[in-house]
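First the structure, in the form of structure tokens, and then the observations on it.
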Amino acid sequence: MSYLMWSSQGIKGYKTVLKCLWNPDLMNYAWLGNHIHLHNGHGHLHIIPRYKRLVLLGRRKFLDKRWGKNYAPRPKLELPRKTLFLIRDKLRK
């Protein structure tokens, strides 16, 4: 299986999981390779779920204050470990 084909299947799977868990209104994609010349063509992909409504995760509220705009620049978001583990565990199911 080619890398491109594997990546495409992985992206589709990730989108499916996010849709089932949190039903994003939109997905943004950012392919970055800022130092591609140093890493033999290596880049990385950000898949960013976007919401036009408030999203609850446990007791935590998330609001996309940049809805309808580019996802960046965005304020730095530092989540408690408990919230990060909750997200991780939901994605693993």
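Here is the figure for region 67-89: residues that are under 14 Å from the mean Cα position of the chain (by Cα) and open to solvent by less than 70 Å² (accessible area, probe 1.4 Å) total 3.
Taking region 68-93 as the range and being without any contact (Cβ under 8 Å) to a residue 24 or more places away in the chain and among the aromatic types (Phe, Trp, Tyr) as the test, only Phe85 passes.
In region 22-45, the count of residues that are charged (D, E, K, R) and in contact with a strand residue (DSSP E or B) (Cβ under 7 Å, 6 or more places away or on another chain) is one or more.
Of all residues in region 54-93, those that are within 15 Å of Leu21 (Cβ to Cβ), out of contact with any Gly (no Cβ under 8 Å at 6 or more places or on another chain) and of a type outside the set (A, V, I, L, M, F, W, C) total 7.
The values are calculated or read from the model by the stated rules, or taken from the named source; none is laboratory data. These figures come from a predicted structure and were not determined experimentally. Every residue, glycine among them, receives a Cβ derived from its backbone with ideal geometry; neighbour counts consider all protein chains shown. In case anyone asks, the SASA skips ligands and DNA or RNA and just uses the protein heavy atoms, side chains included. Shrake-Rupley method; radii C 1.70, N 1.55, O 1.52, S 1.80 Å.
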